[in-house]
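Asker: Dropping a structure here in structure tokens format, bear with me for questions.
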Amino acid sequence: MGQRFSFEDPFYAVPAAAVDANPVTAIRDLLYRVARLEQSLGEQRVQAVADSREMLLEIISLSDDITNIAERWGIATKAQEAALIGSVIALGRKVIAILRHHQVEPVSTIGQPLDAETSDVVGSESSEGAAARVVLRELQVGYRWPQGLLRRAKVVVSSGPVPTGQDATEGAGSGVQSADGGPAAPAAGAPGQNT
């Protein structure tokens, strides 16, 4: 055993704050503060993801515009035009590098069966070489990022082979049909379209 208690030992007074303290209330207050901080941090994370999504969609839109400029320009015939289109292409590569840095990747759709989770059908065409509901081309590229789907692709799908008895003049025009079966309007800024 240790030393015996002696009444001659010095006495240390207990502070008044310690006498009145209620540890249960203090712990409850601390737990409440932690919960509020966690809730605030969660709300800030949600807001940061929303802000990032908005910024990345704007960068994707810029990338689309740069791609459309390069595709519409065609073959440069003068040195000055070639330098200008070269600069546009270099800018497009920088924008793509920014998207890759943020782990934004295009959704692969061309030649694949239609995936309703990632793509919207904006038209259909008859195609001898593709089964029905296979994506023939994209009018807008879709993108994924770590939080899921960032932007849905807008695609034209195959309606299957042309029926053998159909006259070639019946499908005059572009042959593109909208999802409801009528002729599809061309997408704004679609490649090869002069605006």
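Asker: Only counting other Cβ atoms within 10 Å, I'd like 141, 19 sorted with the fewest neighbours first.
Answerer: Ascending number of Cβ neighbours within 10 Å: 19, 141.
Asker: From the mean inverse distance of alpha carbon pairs (Kirkwood) and the Cα radius of gyration, derive Rg over Rh for the range 87-129.
Answerer: 1.14
Asker: From the alpha carbon gyration tensor of the range 106-160, can you work out the equivalent ellipsoid semi-axes (sqrt of 5 times each eigenvalue) and give them in Å, largest to smallest?
Answerer: Values for the range 106-160, descending: 21, 9, 8 Å.
Asker: Could I ask something else about it? What size of dipole, in debye to the nearest 20, comes out for the range 1-128 about its Cα centre when the only charges are +1 on Lys and Arg C-beta atoms and -1 on Asp and Glu C-beta atoms?
Answerer: Computed about the Cα centre, the dipole is about 520 debye.
Asker: If the viscosity is 0.890 mPa s and the temperature 25 °C, what translational diffusion coefficient in µm²/s does Stokes-Einstein give for the range 15-70 when Rh comes from Kirkwood over Cα pairs?
Answerer: The calculation lands on 159 µm²/s.
Asker: With no solvent and one point per C-alpha, what does the Debye sum give as log10 I(q)/I(0) for the range 27-101 at q = 0.11, 0.19, 0.20, 0.21 Å⁻¹?
Answerer: Once normalised to I(0) and log-transformed, intensities are -0.49, -0.83, -0.87, -0.90.
Asker: What is the P(r) of the range 59-137, as percent of Cα-Cα pairs per 10 Å bin from 0?
Answerer: Pair shares across the bins are 16, 31, 31, 20, 2.
FYI, it's all coordinate maths here, none of it is from the lab. Given the structure is predicted, the values throughout are model-derived calculations rather than measurements. Quick reminder, even Gly has a Cβ in these numbers, built from the backbone with ideal geometry, and neighbours come from all protein chains shown.
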